[in-house]
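Chemist: If you scroll down you'll find the structure; I have some questions about it.
Here, each number is a calculation from the coordinates, and none is a lab measurement. Quantities reported herein were computed from a predicted structural model and do not represent experimental measurements. Every residue, glycine as well, gets a Cβ built from its backbone with ideal geometry; the counts of neighbours run over all protein chains shown.
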Ligand code: NI
């Protein structure tokens with residue numbers, strides 16, 4: 001695998017400043033990915049490492065918005081590390097298919113592990129913290145029955161669906177506890193909010 005301090009310096013230099021997607025998100029995803037990879041011996045660690053470290057640093061398109069990550073862009077970012085072209089290509093492919101919003105199935109085992117690890121970090125206690133941090137940064141209400149952009153709605157739209165979309169056996173196993181914790185959190189949230197369960201928007 002590659003020298004983590006070099007990869008970290010490269011990634012940190014281009015990471016966005018946002019609490020839900022900061023450098024520590026990458027650290028956590030890398031730990032989760034390594035844990036899953038231990039149960040998937042055929043996964044290529046070099047491809048996985050580059051894919052994880054750079055999965056949230058999408059290059060900006062000239063006209064705004066995000067462009068797909070290319071092997072050439074990664075190679076440029078990773079100069080002077082000498083990374084084989086096929087490793088860069090497979091890492092770029094894993095990055096391009098990992099996002100929930102794009103809804104693409106992973107086309108490789110490394111892509112599946114990246115997707116599972118990234119989604120696990122959106123679940124459980126950390127997922128809850130990230131959800132509200134993201135909502136707050138974008139001016140969204142914690143909860144508002146008249147505003148569907150509220151952060152609690154995001155649990156029903158996305159976070160509670162992540163468990164059933166896990167690709168690896170270890171990902172599924174790790175997702176169970178985190179999913180149960182989010183459900184417990186929501187039960188308590190509604191109890192404190194003073195609403196009956198059936199009143200909430202699902
Ligand atoms: Ni991510």
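Chemist: Within segment 20-27, identify whether any single residue is in a loop (DSSP other than H, G, I, E, B) and within 14 Å of the ligand (Cβ to nearest atom), and answer yes or no.
Modeler: Initially, segment 20-27 is screened for residues in a loop (DSSP other than H, G, I, E, B), giving 22.
From what is left, the residues that are within 14 Å of the ligand (Cβ to nearest atom) are 22.
The answer is yes; a qualifying residue exists.
Chemist: What is the one condition in (1) touching a residue at least 24 places away in the same chain (Cβ under 8 Å); (2) more than 15 Å from the chain's Cα centre (by Cα); (3) not in a helix (DSSP H, G or I) that residue 152 does not satisfy?
Modeler: It is condition (3) that residue 152 fails.
Chemist: Is it true that residue 133 is within 16 Å of the ligand (Cβ to nearest atom), touching a residue at least 24 places away in the same chain (Cβ under 8 Å) and buried (at least 21 other Cβ atoms within 10 Å of the Cβ)? Spell out the reasoning first.
Modeler: On the way: within 16 Å of the ligand (Cβ to nearest atom): yes; touching a residue at least 24 places away in the same chain (Cβ under 8 Å): yes; buried (at least 21 other Cβ atoms within 10 Å of the Cβ): no.
Answer is no for this residue.
Chemist: Now for a separate question. Looking at 94, 117, which one is within 14 Å of the ligand (Cβ to nearest atom) and under 25 Å from residue 180 (Cα atoms)?
Modeler: 117
Chemist: Working only within segment 53-88, note down all residues that are touching a residue at least 40 places away in the same chain (Cβ under 8 Å) and within 23 Å of residue 17 (Cα to Cα).
Modeler: Narrowing segment 53-88 to residues touching a residue at least 40 places away in the same chain (Cβ under 8 Å): 53-57, 77-78, 81, 83, 87.
Selection gives 53, 54, 55, 56, 57, 77, 78.
Chemist: Which condition number does residue 9 fail, the rest of (1) closer than 28 Å to residue 161 by Cβ; (2) more than 15 Å from the ligand (Cβ to nearest atom); (3) not in a loop (DSSP other than H, G, I, E, B) being met?
Modeler: (1)
Chemist: Would segment 89-102 turn up any residue that is under 22 Å from residue 30 (Cα atoms), part of a loop (DSSP other than H, G, I, E, B), in contact (Cβ under 8 Å) with a residue 40 or more places away in the chain and touching a helix residue (DSSP H, G or I) at 6+ places or on another chain (Cβ under 6 Å)?
Modeler: First, pick out the residues of segment 89-102 that are under 22 Å from residue 30 (Cα atoms): 89-102.
Now narrow it down to the ones that are part of a loop (DSSP other than H, G, I, E, B): 98-102.
Okay, now just the ones that are also in contact (Cβ under 8 Å) with a residue 40 or more places away in the chain, so 98, 100.
Now narrow it down to the ones that are touching a helix residue (DSSP H, G or I) at 6+ places or on another chain (Cβ under 6 Å): 98.
Yes, because at least one residue in segment 89-102 is under 22 Å from residue 30 (Cα atoms), part of a loop (DSSP other than H, G, I, E, B), in contact (Cβ under 8 Å) with a residue 40 or more places away in the chain and touching a helix residue (DSSP H, G or I) at 6+ places or on another chain (Cβ under 6 Å).
Chemist: Step by step: first the residues of segment 45-56, then only those that are surrounded by 20 or more Cβ atoms within 10 Å (Cβ to Cβ) and within 18 Å of residue 3 (Cβ to Cβ), then the one that is farthest from the ligand (Cβ to nearest atom). Which residue is that? Write out each step before concluding.
Modeler: Keep residues of segment 45-56 that are surrounded by 20 or more Cβ atoms within 10 Å (Cβ to Cβ), which gives 47-56.
Going one step further and asking which of them are within 18 Å of residue 3 (Cβ to Cβ), we end up with 47-54.
Details: 47: 17, 48: 14, 49: 15, 50: 14, 51: 11, 52: 9, 53: 11, 54: 10 Å.
Ranking the qualifying residues of segment 45-56, first place goes to 47.
Chemist: Quick check on my filter: what residues within segment 69-88 are in contact with a helix residue (DSSP H, G or I) (Cβ under 9 Å, 6 or more places away or on another chain) and either within 16 Å of the ligand (Cβ to nearest atom) or assigned to a helix (DSSP H, G or I) (or both)?
Modeler: Within segment 69-88, 69, 71, 72, 73, 74, 75, 77, 85, 86, 87, 88 meet the criteria.
Chemist: Taking the criterion of being touching a residue at least 40 places away in the same chain (Cβ under 8 Å), in a helix (DSSP H, G or I), within 16 Å of the ligand (Cβ to nearest atom) and within 25 Å of residue 47 (Cβ to Cβ), would at least one residue in segment 137-144 satisfy it? Before you say what the answer is, go through the steps one by one.
Modeler: The first filter runs over segment 137-144 and keeps only residues touching a residue at least 40 places away in the same chain (Cβ under 8 Å), leaving 137, 143.
When the remaining residues are screened for being in a helix (DSSP H, G or I), the result is 137.
Of the ones still in play, those that are also within 16 Å of the ligand (Cβ to nearest atom) are 137.
If we keep only those that are within 25 Å of residue 47 (Cβ to Cβ) too, we end up with none.
So far as segment 137-144 goes, no, none of its residues is touching a residue at least 40 places away in the same chain (Cβ under 8 Å), in a helix (DSSP H, G or I), within 16 Å of the ligand (Cβ to nearest atom) and within 25 Å of residue 47 (Cβ to Cβ).
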